[in-house]
Amino acid sequence: MNLRTLVWRELLERKAQMLTVAFGIILGMTTLIAIRTISFYSEKAVARELDSLGANVLVLPKAVSLQDYYAADMHHEVIPEEYVMRLTMSDLQGVDNLSPKLCVPVTVADRRYSLTGILPKSEFQAKAAWAGAGIFSRPIGCGVIDMGDTPPEEDKKMLTRKRVIKDLAADEILVGADVAARQKIHEGDSLPLLGKTFTVIAVLPETGTVDDSRIFAHLHTVQELSKAGEVVNCIEIVGCCKEIAAGLVESVNTLLPDAKVVTVKQVVDTQITLNRMIERLSQIFLAIIVLVGGAGIANAMSANVSERRREIGTLMALGAESWLIQRIFLSKAALLGLIGGVGGYAIGTILAVTLGPKLAGVPVLPMPGLAVWALVISVGVALAASCIPAWRASQLDPVATFRET
Amino acid sequence: MLRRRPSPAFATCTTCLWLIVGPMLLAAEARPNPWPVGTSPGLTSLAKASEQNRYAYVFFWKAEGEATQRNRDAFDAALATLANRADAISVCVAAPEEKPTVDAFKVSRAPMPLVLAIAPNGAVTKAWPLDFQAATAGEGVVSDGAAACLKAIQNNKLVLVSVQNSLTAHSDEALQAAAGFLNDARFAAVAEGVVLDPADPLEARFLADLKVLPTTEKAITVLLAPPGTPVATFVGAVSTAAIVAKVTDAKSGCCPDGKCGPGQCCPGGKCDPAQKSTPKGVSK
Amino acid sequence: MLCMENVTKTYQLRRQPVTGLDRATLDIEKGDFVSLVGPSGSGKSTLLLMLGGMLSPTSGRVLLDGHSLYERSANERARLRQRYIGFVFQTFNLVPYLTAIENVQVPLYLGGVPPAEQRDRATAMLQRVGLGNRLDHKPSELSVGQQQRVALARMLANDPAVILADEPTGNLDPETAAQVIGFLAEFNAEGRTVVMVTHDPRAAQRAKRVVRLVEGRLVGDGGLTIRGETVDRVVA
């Protein structure tokens, strides 16, 4: 016989009560853990986007509002392709790395994918030097040079990461990871799309973004096949430097007054705002759990004390001191808190990992560090809520308990 | 390939240099005509202008309209003043016979009307999309050195500009270093060299753009990369290794794949577009 | 062993004072077997609980081995109870979710006895009261007689010097009641002091002396000094 046995046997005797209290704690902790885990990875993705794309600027049709950077071209509005040349031939710094895109839906084996027309850099690269001899007096800028010595295969595979491709023939396509996996497509295969047969010259590595469901082809080929005309859905300006990108927005707005120019920061601002809202929501949740959950626990423990009045009186008659009576109830609360914390962490993590990608569009992984946090909160709330009932139990008059039948 | 712009005082000195570094340098050869003849009226006209060492101003247009007429009027007025230097060529991009011309310049999707100034060596020295101003027409005529650099840049090559003459110190070392770099197997296919005399008045504007003083006392070597930004400037003696190191640095440096952050751009860590730099070649 | 000096206990019931005990004075020697008898509400249980340090008097003193109980803190009294006093209740007051052996182990645990020794001693106690084959049965799986025997074993577990029994046979049939009284006599024969509250005359007869209470007053005892009152001797 010891304290653990006393607490555990009593818990098992009143299973319904235990399950109710534990369930309440588990529910609260599940919600907290799921929200925190998803928002952590969402924020990380935003930070990563800002980090890797932070210097990028998007030129879009005015009517478009953007939530996802990677789906910037997935809408029905268009801008003239000649905007690309306007940008390249301007004296604006940092616009030499452009990626105009036209997105057309296609069906492959009853699945819909996006046929994305992209313009290889080689088709407009030289025009960046058409601004005249004045280009030599421009400031150094990012100072990174591309000597064109990247092997073609590597250059093509880096499309989704670098956002730009150097060369692409009219009948060549690059296939996203998801498309290749589902349709069992490999390099060198032929694929008919919109009445034309293409050769797959590369299968792109997985990115975890909508790019995995794309098939990339030459922009002019896609325009011709879709009869869209000389238009694009967006122009991605791949900046190399955030400072230069920041200065670009106003200049590009002046150069292309009929288009909308957004930075990645503006695109992710929505996500950042959402993340902040979720963060605040999780704090409110925490407060609700502490107050409501705590009140529920306090209520359940008070009821438990009432139920066990005679038992408490007996223990006192047998020589139990007041601190032991308190410890019995606080230990029970701590144990329930522990069960709730562990269960809540496990279920919350599973929910986050399975639902997170669908809700937030980012891969979500378990966060072991949150387990400690969950336990501290659940046990802490359970203990705090049980303090007064436990103290009341220790102050019971055993004689009064014996008088009750 | 090394191209040089000869001037009288310079000739004697460089003859010696040629003897020293001869095997490593290719002799200057007659410039081939960059345009094929007979493929289209536009390209034929361009070839003719190049042959005659004249500039060609090409007026590309798609359809008649107010903008086309306005630009054409300005074009005609400007070319009348440049008649001694440049030929005027009109190309309708919608005309089937001009498809080779359009393809050569890849302007099928360019904003129209478009005016291009083209040097005899085939370099596009200035472009005026949508709005051609007669007053700015003269900006299309650049120095031979600038044209040579633009041509190389437009072929997506690095350019090593050696600015030196008989009076500049460390000229030999600088030229040797340049030759060494241009003959290096890693860079031979992607780099070209141009030699300029800092005292050549025709190159004054170009040198000013490169921030090189005509009175420089030391040889200056400037490394340019597409789309024309100066990547590095070496004053005085320089080694091939130093040039190679700079290129390697700039190639792999601080902004791979666009992952730049504030304060991280550029070798040296500064990326302020507004930053001013002092002209090179000022004696100490 | 146990001594009560002019102890009075009053309660407030619907704002009316109620006297539970009135100037009670009582000496109980070591090894004595005292039976407290009287009508319901006469204060028997009140007196018993006071002797056990569970109910503080309104005035007067209660002494255990010369030490005043109610000049100590509640926790100190609990420790004294744990060491010296064993309780037996009419309603047994077993912990319903513990087995027989676990119920007996509770006072051993409270006394700091190591777990291995707890089991051995508890087993011995239960075997003594004839429940060696019911160690792992919960109270709900035992008859009332068996439950009371478990309570007896629990009471004995810490080897108390004083046994306070409140109507120990109140809920038992005559045979089982006799068995329980027999056990108490046995414990008394071992030198333990027994004070028993009972309605049962046959149980009272087994005691060495009988003390009677009427309306909170001690009214008679063989060999007991009562101050200022006429003594009615009760034949044992």
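Any read-out appearing in this document is the output of simple, stated calculations on the displayed coordinates, not a laboratory observation. Because the structure is a prediction, the values reported are computed rather than measured. All Cβ positions, glycine included, derive from the backbone under ideal geometry; neighbour counts span all protein chains shown.
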ask   = How high is the relative contact order of chain A, given as a whole-number percent (alpha carbon pairs under 8 Å, six or more residues apart)?
value = 28
inquiry  = Suppose each label sits 7 Å from its Cα in the direction of the beta carbon; what would the C:SER140-B:ASP131 distance come out to in nanometres?
reply    = 9.2
The stretch C:1-127 pair-distance distribution - Cα-Cα, 10 Å bins, rounded % = 11, 34, 32, 18, 4, 0
note = Simple SL model, points at 7 angstrom along Cα→Cβ for B:ALA204 and C:ASN133; separation in nm is 12.7
task = Could you run the Karplus curve 6.51 cos²θ - 1.76 cosθ + 1.60 with θ = phi - 60° over the stretch B:227-244 and give me ³J(HN,Hα) per residue in whole Hz, x for Gly and Pro?
result = x, x, 7, x, 8, 7, 10, 10, 9, x, 5, 8, 10, 4, 4, 5, 5, 4
On Cα atoms only, tilt of A:264-288 relative to the major axis of chain A in degrees = 10
query = So how tilted is helix A:294-307 from the main axis of chain A? Cα-based, degrees 0 to 90, rounded to 10.
reply = 20
ask   = Too long at a 26 Å Cα-Cα cut-off: which of C:LYS44/C:LYS138; B:LYS48/B:LYS151; A:LYS227/B:LYS151; A:LYS44/A:LYS265?
value = C:LYS44/C:LYS138; A:LYS227/B:LYS151
query = Cα convex hull of the stretch B:104-157: mean projected area in nm², to one decimal?
reply = 4.0
ask   = For the stretch A:349-392 and the stretch A:182-257, what is the separation of their C-alpha centers, rounded to whole Å?
value = 42
Selected from A:VAL84, A:ILE289, A:GLY369, residue furthest toward positive end of dipole (chain A; charges at beta carbon) = A:ILE289
note = Computed from the beta carbon distance with a Förster radius of 45 Å, FRET efficiency for A:LEU355 and B:GLU139 to the nearest 0.05 stands at 0.15
ask   = So which GluC sites (Glu not before Pro) in the stretch C:177-218 pass both tests, a DSSP loop state and at most 15 other Cβ atoms within 10 Å of the Cβ?
value = C:GLU190, C:GLU215
query = Around A:GLN326, what is the net charge, scoring Lys/Arg as +1 and Asp/Glu as -1 over all other residues with Cβ under 14 Å from its Cβ?
reply = +3
remark   = Counting only residues 5 or more apart in sequence or on a different chain, those whose built amide H sits under 5 Å from that of C:VAL219 are C:ARG212, C:LEU213, C:VAL214
ask   = Which FRET efficiency, nearest 0.05, do A:VAL376 and A:VAL292 yield, Cβ-Cβ r, R0 22 Å?
value = 0.75
message = Let me check the size of chain C from its C-alpha atoms; what are the radius of gyration and Dmax in Å?
response = 17.8, 55
inquiry  = As I understand it, the value is the acute angle between the Cα axis of helix A:322-360 and the longest principal axis of the Cα atoms of chain A; what does it come to in degrees, rounded to 10?
reply    = 20
request  = With both partners inside the protein assembly as shown, how many of the DSSP beta bridges are antiparallel, as a percent to the nearest 5?
outcome  = 60
ask   = Given DSSP loops and a limit of at most 13 other Cβ atoms within 10 Å, what is the longest stretch of chain C that contains no such trypsin sites (Lys or Arg not before Pro)?
value = C:31-226
task = Quantify how strongly other chains surround peptide C:102-109 by giving the mean number of their Cβ atoms within 10 Å of each of its Cβ atoms.
result = 4
note = Residue separation between A:ILE284 and A:ALA384 times 0.36 nm, minus their alpha-carbon distance, gives in nm 34.1 nm
ask   = Which FRET efficiency, nearest 0.05, do C:ASP120 and C:ARG15 yield, Cβ-Cβ r, R0 41 Å?
value = 0.15
query = Taking the alpha-carbon centroid of each part, what is the distance from the stretch C:1-28 to the stretch B:210-249 in angstrom?
reply = 111
key: Counted charge near B:SER90, where neighbours are those whose Cβ lies closer than 14 Å (Asp, Glu -1; Lys, Arg +1)   = -4
ask   = Residue separation times 0.36 nm, minus the C-alpha to C-alpha distance between B:ALA242 and B:GLN69: what's the value?
value = 57.0 nm
query = Going through the stretch A:181-280, which trypsin sites (Lys or Arg not before Pro) have at most 10 other Cβ atoms within 10 Å and a DSSP loop state?
reply = A:LYS184, A:LYS227
note = Here the relative contact order (percent) of chain C, from C-alpha pairs under 8 Å and at least 6 apart, is 27
query = For the protein assembly as shown, what does the alpha-carbon gyration tensor say about shape, rounded, prolate or oblate, given a ≥ b ≥ c as the root eigenvalues, a/c under 1.5 as rounded, and a/b over b/c as prolate?
reply = prolate
For the stretch A:96-113 versus the stretch B:64-92, the gap between their alpha-carbon centres in whole angstrom = 40
request  = When a/c is below 1.5 the answer is rounded, else prolate if a/b is larger than b/c, else oblate, so apply that to the stretch B:41-120 with a ≥ b ≥ c taken from the square roots of the Cα gyration tensor eigenvalues.
outcome  = oblate
